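See below for the structure under consideration.
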Amino acid sequence: QKEVEQDPGPLSVPEGAIVSLNCTYSNSAFQYFMWYRQYSRKGPELLMYTYSSGNKEDGRFTAQVDKSSKYISLFIRDSQPSDSATYLCAGENTGNQFYFGTGTSLTVIP
Amino acid sequence: DGGITQSPKYLFRKEGQNVTLSCEQNLNHDAMYWYRQDPGQGLRLIYYSQIVNDFQKGDIAEGYSVSREKKESFPLTVTSAQKNPTAFYLCASKSRGGFRTEAFFGQGTRLTVV
């Protein structure tokens, strides 16, 4: 079983839609959770960084962590064509190791 | 500008050759990481280092080697023992300070075997 599971998509939505991206994880030692955005042939850039359960909001982005069900989500409101990218979720254990999902490819259609 | 610099952006390797990928950071981060990214497989950890002169194998270390002689630098050598080296390689770094901080990535090196 992989440490982090993520639906690879692809996901295609119209501009302005609310996007929901989801991951599950198996390692109870994960304390920190991240969402990265990766454009084609580029390095991932950090979008959201959260600790433990709860919600964190930053502009159009909301990250949600439910440790009881080992479920993490990223919501994008008012999606834009510039949001078209691959989104990677990750968990970090207490040993400073990161484990990534396979990424979900998102296309926002104008 | 602070950040992580990977070079070269594109690298071609002949069968049987060793090649070295460069990763330099000026963020004063203690921990550095190397990942390999293949289509449909996400990021897989090759090696990581939490302090100078110390590093640990990740999940797919076979055929790779690293060194950490300076805090700023964490080069990755892809040896001839790596049978399928064509991939996108990403370097990352993070602080190991009192509060957890996020990891930042370089822009990657695309290695192709010719």
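Which ranges mark the strands (runs of 3 or more DSSP E) fully within the stretch A:28-110 that have 3 or more residues being at pLDDT 90 or above, in contact with a Cys (Cβ under 9 Å, 6 or more places away or on another chain) and not aliphatic (A, V, I, L, M)?
Numbers: elements: A:32-38, A:45-51, A:54-58, A:61-66, A:71-76, A:85-92, A:98-100, A:104-109.
The qualifying strands (runs of 3 or more DSSP E) are A:32-38.
Regarding B:Leu45, is this residue of a type outside the set (Gly, Ala, Ser), modelled with pLDDT of 90 or more, more than 21 Å from A:Ala90 (Cα to Cα) and part of a strand (DSSP E or B)?
No; evaluated as a whole, the condition is false for this residue.
Do we have any residue at all in the stretch A:41-58 that's touching a Phe, Trp or Tyr at 6+ places or on another chain (Cβ under 6 Å), small (Gly, Ala, Ser) and closer than 18 Å to B:Gly42 by Cα?
Yes, some residue in the stretch A:41-58 is touching a Phe, Trp or Tyr at 6+ places or on another chain (Cβ under 6 Å), small (Gly, Ala, Ser) and closer than 18 Å to B:Gly42 by Cα.
Taking the stretch A:1-46 as the search range and keeping residues that are in contact (Cβ under 8 Å) with a residue 60 or more places away in the chain and among the small types (Gly, Ala, Ser), which one is farthest from A:Leu106 (Cα to Cα)?
This residue is A:Ala29.
Tell me, which residue of the stretch B:59-98 that is in contact (Cβ under 8 Å) with a residue 40 or more places away in the chain, part of a loop (DSSP other than H, G, I, E, B) and among the charged types (D, E, K, R) is most open to solvent (accessible area, probe 1.4 Å)?
Per the criteria, the residue is B:Arg96.
Do you know which residues across the stretch B:89-110 are more than 22 Å from B:Asn53 (Cβ to Cβ), more than 8 Å from chain A (Cβ to nearest Cβ) and at pLDDT 95 or above?
B:Tyr89, B:Thr109
Exactly one of (1) part of a strand (DSSP E or B); (2) within 14 Å of chain A (Cβ to nearest Cβ) is unmet by B:Thr20. Its number?
Against the list (1) part of a strand (DSSP E or B); (2) within 14 Å of chain A (Cβ to nearest Cβ), B:Thr20 comes up short only on (2).
Hey, can you tell me all the residues within the stretch A:25-39 that are facing chain B (nearest Cβ under 9 Å) and either farther than 17 Å from A:Lys56 by Cα or β-branched (Val, Ile, Thr) (or both)?
Correct list: A:Gln38 only.
Is it the case that the stretch B:45-55 has a residue that's crowded, with 21+ Cβ neighbours inside 10 Å and within 9 Å of chain A (Cβ to nearest Cβ)?
Within the stretch B:45-55, one or more residues are crowded, with 21+ Cβ neighbours inside 10 Å and within 9 Å of chain A (Cβ to nearest Cβ).
Determine whether A:Thr50 is more than 23 Å from B:Pro39 (Cβ to Cβ) and within 12 Å of chain B (Cβ to nearest Cβ).
yes
Condition first: more than 14 Å from A:Asn22 (Cα to Cα) and open to solvent by 60 Å² or more (accessible area, probe 1.4 Å). Now tell me which residues in the stretch A:56-70 satisfy that. Spell out the reasoning first.
First, the residues of the stretch A:56-70 that are more than 14 Å from A:Asn22 (Cα to Cα): A:56-60, A:68.
Those that are more than 14 Å from A:Asn22 (Cα to Cα) and open to solvent by 60 Å² or more (accessible area, probe 1.4 Å): A:Lys56, A:Glu57, A:Asp58, A:Arg60, A:Ser68.
The values are calculated or read from the model by the stated rules, or taken from the named source; none is laboratory data. This is a predicted model, so every value here is computed, not measured. Virtual Cβ from ideal backbone geometry, glycine too; neighbours counted across all protein chains shown. Just so you know, the surface numbers come from the protein's heavy atoms only, side chains and all, with ligands and any DNA or RNA stripped out. Shrake-Rupley method; radii C 1.70, N 1.55, O 1.52, S 1.80 Å.
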